[in-house]
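The values are calculated or read from the model by the stated rules, or taken from the named source; none is laboratory data. The shown structure was predicted, so the numbers you read here are calculated from the model rather than taken from an experiment. Neighbour counts are summed over all protein chains in view; Cβ atoms, including those assigned to glycine, are modelled from backbone coordinates with ideal geometry.
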């Protein structure tokens, strides 16, 4: 079957005319023939299935097209975009990096790579990709709009406004840019203008995608919260989260394609029940680390890990990496199934050494050489991977951050995250509380039974007794305390700033975020009994 085949000619003409439904039927008939060696039908079917929201089928069709021609940049780009929308970010990034390597001047590939990096939390890299897309195509409104959103995450308010205004000059209807402007208003302590902008945007829902409407409604909740209106703020967050649940239900609802965060914790809890696992052999002698010391900061999301990472990162002997997943392959292999857990128990030295070497190569790729430095890897979700950390890095120190559970659950519920198996649980207060309870029970069991060297720190202690807390942590890391950490406290108190769009925090030392749950006592009433044992165990006041 060749390009001269009249059926291929017809398919190409129908697809170019924009009749995807008809094109999909033609493509399916060609593929059903069983002898198809031209990638076109697979490309067309992939585009049609993506347009229908049938993402898994789209990915399969596009992968089949790539097996026939793995250098076709538009197909690599489309495949990467679909994988990213499915939450399969490693596969997405690999495809898009290949697309960019083949054609670095393709703005669509650069933008898709930026979107994938954004969803991985790699903000600076994503900003660079969006900037390249905009430079290659000055009329690429979406590149400017998404750069505006990421500038909000970095609390770069003038840059956010400049990118948003550039996007709106090209596309006056860009909801992403309008939301970024509202978030810049919030970041600059102007909640009333933010509310007005968001209400105007939401008043014309026909111009909004379901996702953009959810983001706008969540930001509206933030603006109402900032104006001391807890009931309508909570209602706005609830409506936004309900919309996001509907959008992602195929992945995470019952029978969905991804394991939910709570299901993961329940599986690991059963796997590590007393008597289930064999004792680990003594750890092998490890090759010398490329750093002077190694530590991880872990904790349930919104517990204050980012602030602590910033504080410790101000120490001249410490370099901190903030929320970059470097152990995804090892985690998938060793924590993703019973066979993987058995392999973790067995502790094959060569296999573990490979994962360890991959990790340090990735660290060097992100930060360069770190000789003589203490390296701290800060990623909250490593709380659910403590056996992996203990097995791969037995010499590493673990800092576990805790915060009032009621503030944590409220904060998880009200902040927007990239939706993944863990953050799906935050879209409902009851699910968030159940997830918190299960995760903390499992973490406590691991801290008591695994061979780890851990230090627990309360977020509130860092705020209320900064010097004593940082001195204790420096000693735990084998360092003398340095006045640079106090300088951080002084400067951050003057620049208390909260980013709005992603749930990331760039804030100073202040008490405004402590005890916020009290304003939402009525709305949180159904979940407070589930959190009460942790409130008591961790020494927080009942009221």
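For residue 491, all conditions in the list (1) over 23 Å from residue 428 (Cβ atoms); (2) in contact with a helix residue (DSSP H, G or I) (Cβ under 8 Å, 6 or more places away or on another chain); (3) modelled with pLDDT under 95 hold save one; what is the number of the exception?
Failed condition: (2).
One residue is enough: does segment 145-157 have a residue meeting the conditions under 24 Å from residue 44 (Cβ atoms), out of contact with any strand residue (DSSP E or B) (no Cβ under 6 Å at 6 or more places or on another chain) and either in the same structural domain as residue 418 (by TED's automatic domain parsing) or not in a helix (DSSP H, G or I) (or both)?
no
Of these, 260, 246, which one is surrounded by fewer than 14 Cβ atoms within 10 Å (Cβ to Cβ) and within 28 Å of residue 516 (Cβ to Cβ)?
Residue meeting the stated conditions: 246.
May I ask you to list the residues in segment 203-217 that are closer than 25 Å to residue 413 by Cβ and surrounded by fewer than 18 Cβ atoms within 10 Å (Cβ to Cβ)?
The answer is 205, 209, 210, 211.
From 477, 442, 462, grab the single residue that is at pLDDT 95 or above and within 26 Å of the chain's Cα centre (by Cα).
On inspection, the qualifying residue turns out to be 442.
Within segment 27-50, count every residue that is under 17 Å from residue 13 (Cβ atoms) and either surrounded by fewer than 14 Cβ atoms within 10 Å (Cβ to Cβ) or over 39 Å from the mean Cα position of the chain (by Cα) (or both).
2
Of all residues in segment 172-222, count the ones that are outside any loop (DSSP other than H, G, I, E, B) and more than 23 Å from the chain's Cα centre (by Cα).
Summing the residues that are outside any loop (DSSP other than H, G, I, E, B) and more than 23 Å from the chain's Cα centre (by Cα) in segment 172-222 gives 16.
Among the residues of segment 282-323, what is the count of those that are under 24 Å from residue 372 (Cβ atoms) and part of a strand (DSSP E or B)?
Count: 10.
Only one of 211, 140 is closer than 21 Å to residue 78 by Cα, at pLDDT 95 or above, in contact with a helix residue (DSSP H, G or I) (Cβ under 7 Å, 6 or more places away or on another chain) and outside the structural domain of residue 327 (by TED's automatic domain parsing); which?
140
Residues are listed down the side, and each one gets a yes or a no for (1) closer than 24 Å to residue 456 by Cβ; (2) touching a residue at least 24 places away in the same chain (Cβ under 8 Å):
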| position | (1), (2) |
| --- | --- |
| 298 | yes, yes |
| 314 | yes, yes |
| 319 | yes, yes |
| 329 | no, yes |
| 340 | no, no |
| 348 | no, no |
| 361 | no, no |
| 367 | no, yes |
| 390 | yes, yes |
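For segment 272-296, what are the residues that are over 25 Å from residue 433 (Cα atoms) and without any contact (Cβ under 8 Å) to a residue 24 or more places away in the chain?
If the condition is that a residue be over 25 Å from residue 433 (Cα atoms) and without any contact (Cβ under 8 Å) to a residue 24 or more places away in the chain, then 275, 276, 279, 282, 285, 288 are the ones that fit.
What about residue 181, is it touching a helix residue (DSSP H, G or I) at 6+ places or on another chain (Cβ under 8 Å), crowded, with 21+ Cβ neighbours inside 10 Å, in contact (Cβ under 8 Å) with a residue 40 or more places away in the chain and more than 26 Å from residue 421 (Cα to Cα)?
Criteria not met by residue 181.
Can you tell me how many residues in segment 344-367 are under 23 Å from the mean Cα position of the chain (by Cα) and either buried (at least 21 other Cβ atoms within 10 Å of the Cβ) or within 20 Å of residue 121 (Cβ to Cβ) (or both)?
Number satisfying all stated conditions: 9.
Mind checking which residues of segment 494-540 are under 16 Å from residue 407 (Cβ atoms), in a loop (DSSP other than H, G, I, E, B), at pLDDT 50 or above and in contact with a helix residue (DSSP H, G or I) (Cβ under 8 Å, 6 or more places away or on another chain)?
Result: 509, 510, 511, 513, 514, 515, 527, 538, 540.
Restricting attention to segment 315-327, which residues are out of contact with any strand residue (DSSP E or B) (no Cβ under 6 Å at 6 or more places or on another chain) and modelled with pLDDT of 90 or more?
Answer for segment 315-327, where residues must be out of contact with any strand residue (DSSP E or B) (no Cβ under 6 Å at 6 or more places or on another chain) and modelled with pLDDT of 90 or more: 315, 316, 326, 327.
So that you can scan it fast, the table gives a plain yes or no per residue for (1) closer than 26 Å to residue 163 by Cβ; (2) in contact with a helix residue (DSSP H, G or I) (Cβ under 8 Å, 6 or more places away or on another chain); (3) at pLDDT below 95:
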| site | (1), (2), (3) |
| --- | --- |
| 51 | no, yes, yes |
| 56 | no, no, yes |
| 77 | yes, yes, no |
| 80 | yes, yes, no |
| 84 | yes, yes, yes |
| 97 | yes, yes, no |
| 102 | no, yes, no |
| 119 | yes, yes, yes |
| 131 | yes, yes, yes |
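Just to be sure, is residue 279 part of a loop (DSSP other than H, G, I, E, B) and over 29 Å from residue 320 (Cα atoms)?
So residue 279 passes the test.
Which of the numbered conditions does residue 83 fail, given that it passes all the others? Conditions: (1) part of a helix (DSSP H, G or I); (2) within 24 Å of residue 175 (Cβ to Cβ); (3) touching a residue at least 24 places away in the same chain (Cβ under 8 Å).
Going through the list (1) part of a helix (DSSP H, G or I); (2) within 24 Å of residue 175 (Cβ to Cβ); (3) touching a residue at least 24 places away in the same chain (Cβ under 8 Å), residue 83 breaks only (2).
In the list 294, 315, which residue meets the criterion of being out of contact with any helix residue (DSSP H, G or I) (no Cβ under 8 Å at 6 or more places or on another chain) and surrounded by 19 or more Cβ atoms within 10 Å (Cβ to Cβ)?
So the residue among 294, 315 that is out of contact with any helix residue (DSSP H, G or I) (no Cβ under 8 Å at 6 or more places or on another chain) and surrounded by 19 or more Cβ atoms within 10 Å (Cβ to Cβ) is 294.
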